[in-house]
Amino acid sequence: MNLWIKICGLTTDEGVSAAIDAGADAIGFVFAPSKRQVNAERAAMLVRGVPANVIRVAVMQHPAQTLVDEVWDVFHPDVLQTDSEDLQSLTLPHGLMVLPVIRSGRTSPVQLPPRVLFEGPVSGAGIAADWQTASGLARRAQLVLAGGLNEDNVGDAIRTVRPFGVDVSSGVEREPGIKDAGKIREFLRAARGAAHETHDGAGNES
């Protein structure tokens, strides 16, 4: 299975183009308080012309129902990413998929959803998640690893955790909120290279 890669916290047309050109599977837009925060209208403008096969993710944290409704009506994302406990109090539109977030240092649910994002304690801060905990969870669900990843450590992360996918934001920026096309290319190159090594190694062991 090919590694799933999401570039998150996009705020500019150049950043979106760089993610698409590099071959990202998904692009994320932050609607929670952050240096990378955008509104629904801005996100809708940024995805004009984006190929239909690229997944559009609305990233929130403890959102009000009104925000979810507005983002759905204006931006129409494919996926809502938010902390797992948030989903209990939200009414989601039909057709909106979810990517629940589980954070390092918190108790993981006994019953995991089919796909989860495992994050550091604080989103967008470049703080690494606990890879050993992530490795255990990755054997129970399709785990997307986030938190403190960059072109230098993503290979080791993939070899340790063996995730379904990886998610990066601050690790491919030249300044907060502004993505660097070169760093995005190098991140995807390193991630896909490590994923192929891991897959080949697993195959050689059997």
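Note down all Cβ pairs under 9 Å where the first residue falls in segment 54-76 and is at negative phi, the second is basic (Lys, Arg) and in a loop (DSSP other than H, G, I, E, B), and they're at least six residues apart or on different chains. As it stands, the answer is VAL59/ARG36, since those pairs meet every condition given.
Of all the residues in segment 104-137, those that are touching a helix residue (DSSP H, G or I) at 6+ places or on another chain (Cβ under 6 Å) and either β-branched (Val, Ile, Thr) or modelled with pLDDT of 80 or more (or both) number 4.
This table checks each residue for (1) in a loop (DSSP other than H, G, I, E, B); (2) β-branched (Val, Ile, Thr); (3) out of contact with any Pro (no Cβ under 9 Å at 6 or more places or on another chain).
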position	(1), (2), (3)
VAL50	yes, yes, yes
PRO63	yes, no, yes
VAL68	no, yes, no
PRO77	yes, no, yes
GLN88	no, no, yes
LEU92	yes, no, yes
VAL98	no, yes, no
VAL101	no, yes, yes
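LEU87 meets the conditions (1) surrounded by fewer than 20 Cβ atoms within 10 Å (Cβ to Cβ); (2) modelled with pLDDT of 95 or more; (3) aliphatic (A, V, I, L, M) in every case but one. The failed one is (2).
Scanning segment 4-37 for residues that are part of a loop (DSSP other than H, G, I, E, B) and buried (at least 21 other Cβ atoms within 10 Å of the Cβ) returns CYS8, GLY9, LEU10, THR11, ALA24, PHE31, ARG36. Given the condition touching a Lys or Arg at 6+ places or on another chain (Cβ under 7 Å) and modelled with pLDDT under 95, answer yes or no: does some residue in segment 151-168 qualify? No, segment 151-168 contains no residue that is touching a Lys or Arg at 6+ places or on another chain (Cβ under 7 Å) and modelled with pLDDT under 95.
Only one entry of LYS183, LYS179 meets the criterion of being of a type outside the set (A, V, I, L, M), within 22 Å of VAL30 (Cβ to Cβ) and crowded, with 24+ Cβ neighbours inside 10 Å, and that entry is LYS179. Can you pull out every residue in segment 1-15 that is within 14 Å of the chain's Cα centre (by Cα) and more than 19 Å from ARG115 (Cα to Cα)? Answer for segment 1-15, where residues must be within 14 Å of the chain's Cα centre (by Cα) and more than 19 Å from ARG115 (Cα to Cα): GLY9, LEU10.
The values are calculated or read from the model by the stated rules, or taken from the named source; none is laboratory data. Just so it is clear, the model here is predicted, and its values are computed rather than measured. FYI the Cβ positions are ideal-geometry reconstructions off the backbone, even for glycines, and counts take in every protein chain you see.
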